[in-house]
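Engineer: Dropping a structure here in structure tokens format, bear with me for questions.
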Amino acid sequence: MRALIFDLDGTLVDTVYAHVFAWQCAFAEADMAIDGWRIHRRIGMSGGLFTRAAGRELGHELSQQEAADLQSRHGELFRKLLPKRRPLPGAVELLKFLRSNNIVHGIATSGSRPEINASLDALEIDPGLLVVERGDVLRAKPEPDLFLACQQRLGVRVEDCYVVGDAVWDLLAARRAGMLSIGLLSGGYGEDELSQAGAFRVYRDALELYHSLDELGVLP
């Protein structure tokens, strides 16, 4: 039985650039200005990994307290910037189709509640849909823990899972988990980048994926 495991930000909901700006503002407030493009290249990591990586970009090793303060401020700014979330094209329809056709699927995200609640609400997901979040695992992307936890809770084999993500960090984590991955361009990474990171197929967005499910062999 094939299963689909979805990333959330940039894959199903249009939140990537709000995250970029929120991080940029949080660092600027702490007198650590960082270019937006450098932030974007790290989106998809957990907040903890992100702050450490951003600190290296700045040549400044962040203390645990500095990292925690930046993550907290990022969350505050993100909720102010994007109180209402918008599903990416085809995301709602794709999830409804999978549910109505009993195709196994779940969400595995580096985000955490309550921050992700508005995104899940915007997707009109079934209350029973499996959502694995950052707090459910020891390590976040690019480690494979999120996807493996989702796979185990879905009750399917690793080799039967497709990971759907928009960032190279999603695809790297999928490779480490031993899963095939599908890249979506909706998070801002290029097709070549996603392919080189290991994507089996690359689609424009969830809508194009929805119309291409037959290529993955998941249709009933």
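The values are calculated or read from the model by the stated rules, or taken from the named source; none is laboratory data. None of the values given here were measured: they were computed from a predicted structure. Here Cβ is always computed from backbone atoms with ideal geometry, including for glycine, and neighbour counts include all displayed protein chains.
Engineer: Could you grab me the full set of residues in region 195-210 that are buried (at least 19 other Cβ atoms within 10 Å of the Cβ), modelled with pLDDT of 95 or more and either among the hydrophobic types (A, V, I, L, M, F, W, C) or touching a Cys at 6+ places or on another chain (Cβ under 8 Å) (or both)?
Structural biologist: Correct list: 199, 202, 206, 209.
Engineer: Restricting attention to region 97-121, which residues are surrounded by fewer than 19 Cβ atoms within 10 Å (Cβ to Cβ) and not in a loop (DSSP other than H, G, I, E, B)?
Structural biologist: 97, 99, 100, 104, 117, 118, 121
Engineer: Hey, another quick one. Given the condition out of contact with any Gly (no Cβ under 6 Å at 6 or more places or on another chain) and under 12 Å from residue 4 (Cα atoms), answer yes or no: does some residue in region 186-207 qualify?
Structural biologist: No: region 186-207 contains no residue that is out of contact with any Gly (no Cβ under 6 Å at 6 or more places or on another chain) and under 12 Å from residue 4 (Cα atoms).
Engineer: Counting just the residues of region 76-96 that are surrounded by fewer than 16 Cβ atoms within 10 Å (Cβ to Cβ) and not in a helix (DSSP H, G or I), which one comes out modelled with the lowest pLDDT? Before you say what the answer is, go through the steps one by one.
Structural biologist: Just the residues of region 76-96 that are surrounded by fewer than 16 Cβ atoms within 10 Å (Cβ to Cβ), to begin with: 76, 79-81, 83-84, 86, 93, 96.
Among the residues that remain, those that are also not in a helix (DSSP H, G or I) are: 83-84, 86.
Numbers: 83: 87, 84: 90, 86: 96.
Out of the qualifying residues, it is 83.
Engineer: May I ask you to say which residue of 16, 92 is hydrophobic (A, V, I, L, M, F, W, C), over 18 Å from residue 171 (Cα atoms) and under 20 Å from the mean Cα position of the chain (by Cα)? Quick ask: steps written out before the conclusion?
Structural biologist: Numbers: 16 fails: over 18 Å from residue 171 (Cα atoms).
The conditions single out 92.
Residue by residue, here is whether (1) at pLDDT 95 or above; (2) within 14 Å of the chain's Cα centre (by Cα) holds:
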position	(1), (2)
128	no, no
131	yes, yes
134	no, yes
146	yes, yes
155	yes, no
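Engineer: Taking region 132-166 only, how many residues are among the hydrophobic types (A, V, I, L, M, F, W, C), free of Cβ contacts under 8 Å to residues at least 40 places away in the same chain and outside any helix (DSSP H, G or I)? Before the answer, list the steps.
Structural biologist: Here is the first cut: in region 132-166, the residues among the hydrophobic types (A, V, I, L, M, F, W, C) are 132, 137-138, 140, 146-150, 154, 156, 158, 161, 163-164.
The next check asks that each one be free of Cβ contacts under 8 Å to residues at least 40 places away in the same chain; those that pass are 132, 137-138, 146, 148, 158.
If we keep only those that are outside any helix (DSSP H, G or I) too, we end up with 132, 137-138.
Looking only at that region, the number is 3.
Engineer: Filter region 22-75 down to residues that are exposed (fewer than 15 other Cβ atoms within 10 Å of the Cβ) and at positive phi and give me whichever is modelled with the lowest pLDDT.
Structural biologist: Looking at the filtered set, the residue picked out is 59.
Engineer: Quick check on residue 188: is it in contact (Cβ under 8 Å) with a residue 40 or more places away in the chain, under 16 Å from the mean Cα position of the chain (by Cα) and surrounded by fewer than 17 Cβ atoms within 10 Å (Cβ to Cβ)?
Structural biologist: Values: in contact (Cβ under 8 Å) with a residue 40 or more places away in the chain: yes; under 16 Å from the mean Cα position of the chain (by Cα): yes; surrounded by fewer than 17 Cβ atoms within 10 Å (Cβ to Cβ): yes.
Yes: the conditions hold for residue 188.
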